[in-house]
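The values are calculated or read from the model by the stated rules, or taken from the named source; none is laboratory data. Given the structure is predicted, the values throughout are model-derived calculations rather than measurements. Cβ: placed from backbone, ideal geometry, glycine included. Neighbour counts: every protein chain shown.
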Amino acid sequence: MLKNIAERSGFVREVLVLTEKDLRKLNRYQLLELLIMQTERADKLQTKLETTEAQLREQELQLSSLGSIAEASLQLKGVFKAAQDAADMYIAAAKKQAESVIAEAEEEARRIKGL
């Protein structure tokens, strides 16, 4: 009888849609059966909600991790830029010092040659 009432009233995504009049026609057993069906559906929805929330937390963690990786990447980029700038300065200073030593050596060679 419950199925007949359900079929008459229609289903909406597994949810039984019954009018108050239809509910009043149900006996205790049918009401209990309906209550069990609704409880099972609520349990399924609760499980689905928990699964979905867990997936959401995982995605949020991944996004947070990606943000951390991006920040670390930017920091490393800054460190590497500073290291490159320091290396460039060292090379420029070494070239300048080498040019100075070469110039002094050439000057000394001219002086010795001139004697």
Problem - From the options Gln55, Gln75, residue that is modelled with pLDDT of 90 or more and assigned to a helix (DSSP H, G or I) - result: Gln55
Exercise for the section: Report yes if Met37 is part of a helix (DSSP H, G or I), surrounded by 10 or more Cβ atoms within 10 Å (Cβ to Cβ) and touching a strand residue (DSSP E or B) at 6+ places or on another chain (Cβ under 9 Å), otherwise no. Expected result: yes
